[in-house]
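**Q** I'd like to ask you about the structure that follows.
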Amino acid sequence: MTATPIAGSLPRTIVNPVIQDRVTFIETSKETGGAYTSVSVRLMPGGGTPLHFHKILTETFTVSAGVLGLQAGKEARYLQAEDTFTVRPGTIHRFFNPGNEPVVFQTLITPGCEGFERSLRILYGLATDGLTNKKAMPRSLTHLAIIAHISDMHSPGLLSMLAPLMRRLTRKAQQSGEMEALISRYCSEAIPE
């Protein structure tokens, strides 16, 4: 499915120039009345997320092409074309591309989450602007805190000890207008494809 932006709107497909991953917004939370968010992802070899969990969101992964590694709890699975797996709130998980070719998969997020959508646009926008490291992680801890907060992404284990600091950084960013500035920069204006 090729998605083309309407004049004056945000593009449906975004590309991270650092790691070359691509996300296409199939249906946004706004378009589904908050029922779900649906995205298609092309994840490059070696790419993926760190271990995390969501307090509210359920994620259902369905593979279209390639192999998607998915760790849920202590168990690792390898999903192939047409395989589906659902991660419930509170489940520590990560996904990754274990192969040498890109993997293409869809993720259905319920309920719909505009913050999740915005977090991807902000993360990819920061990468485009050179504000991430070689692994496409924000150089600014405040930016990372904002992204984690709006996407309902929480760190498990020892990293959970950083939660109070991350909450403090997020509050400061809200009060100073930095969060709104990021949203305005990467989520409110037409970005050329």
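Bear in mind these aren't lab numbers, they're just calculated from the coordinates by the rules spelled out. Fair warning: this is a prediction, and the values are worked out from it, not measured in the lab. Ideal geometry is used to build each Cβ from the backbone, glycine not excepted, and the neighbour counts take in all protein chains shown.
**Q** So which residue, out of GLY47, GLY112, GLY33, gets the largest mean-square fluctuation from a GNM of the chain using Cα contacts under 10 Å as springs?
**A** For the chain, modelled as a Gaussian network with Cα springs under 10 Å, the answer is GLY33.
**Q** Which Cα, out of SER9, MET161, GLY48, lies furthest along the positive dipole direction of the chain (beta carbon charges, K/R +1, D/E -1)?
**A** Farthest along the dipole direction, towards plus: MET161.
**Q** Could I ask something else about it? Can you pull out the trypsin sites (Lys or Arg not before Pro) in segment 11-61 that DSSP calls coil and that have at most 11 other Cβ atoms within 10 Å?
**A** The qualifying sites are LYS30, LYS55.
**Q** Which residue, GLU59, GLU117, GLU180, has the most motion in a Gaussian network model of the chain that connects Cα atoms within less than 10 Å?
**A** Answer for the Gaussian network model of the chain: GLU180.
**Q** Ok, one more. May I ask for the net charge around GLY73, where only other residues with Cβ less than 12 Å from the Cβ of GLY73 are counted and Lys, Arg are +1 while Asp, Glu are -1?
**A** Net charge around GLY73: +3.
**Q** For the chain, what does -39500 (n - 2.57) per DSSP helix run (n ≥ 4), summed and divided by total residues, give at 222 nm, in deg cm²/dmol to the nearest 500?
**A** -8000 deg cm²/dmol
**Q** Continuing with the same structure: Starting from the Cα-Cα distance between GLU101 and LYS74, subtract it from 0.36 nm times their residue separation and give me the gain in nm to one decimal.
**A** Numbers: separation 27, 0.36 × 27 = 9.72 nm, distance 2.51 nm.
The span from GLU101 to LYS74 would gain 7.2 nm if fully extended.
**Q** Name all residues of segment 75-115 having a backbone nitrogen under 18 Å from the label point set 7 Å from the Cα of LEU158 along its Cα→Cβ direction, giving them as ranges.
**A** Answer for segment 75-115: none.
**Q** Additional query: To the nearest 20 debye, what is the magnitude of the charge dipole of segment 13-187 about its Cα centre, counting +1 on the Cβ of each Lys and Arg and -1 on the Cβ of each Asp and Glu?
**A** Charge dipole of segment 13-187: 660 debye, to the nearest 20.
**Q** Taking the Cβ of GLY177 as the centre, find all other residues whose Cβ is under 15 Å away and add up their charges (Lys, Arg: +1; Asp, Glu: -1).
**A** Net charge around GLY177: +1.
**Q** Using the Cα atoms of the chain, I'd like the radius of gyration and the largest Cα-Cα distance, Dmax, both in angstrom.
**A** Just the Cα atoms of the chain yield Rg and Dmax of 16.0, 46 Å.
**Q** A further question on this structure: Just to be sure I understand the model, the point goes 7 Å from the Cα along the line to the Cβ. What's the resulting LYS135 to GLU180 distance in nm?
**A** 3.4 nm
**Q** Given Cα pairs under 8 Å that are at least 6 residues apart, what percent is the relative contact order of the chain?
**A** Once divided by the residue count of the chain, the mean separation gives 24 percent.
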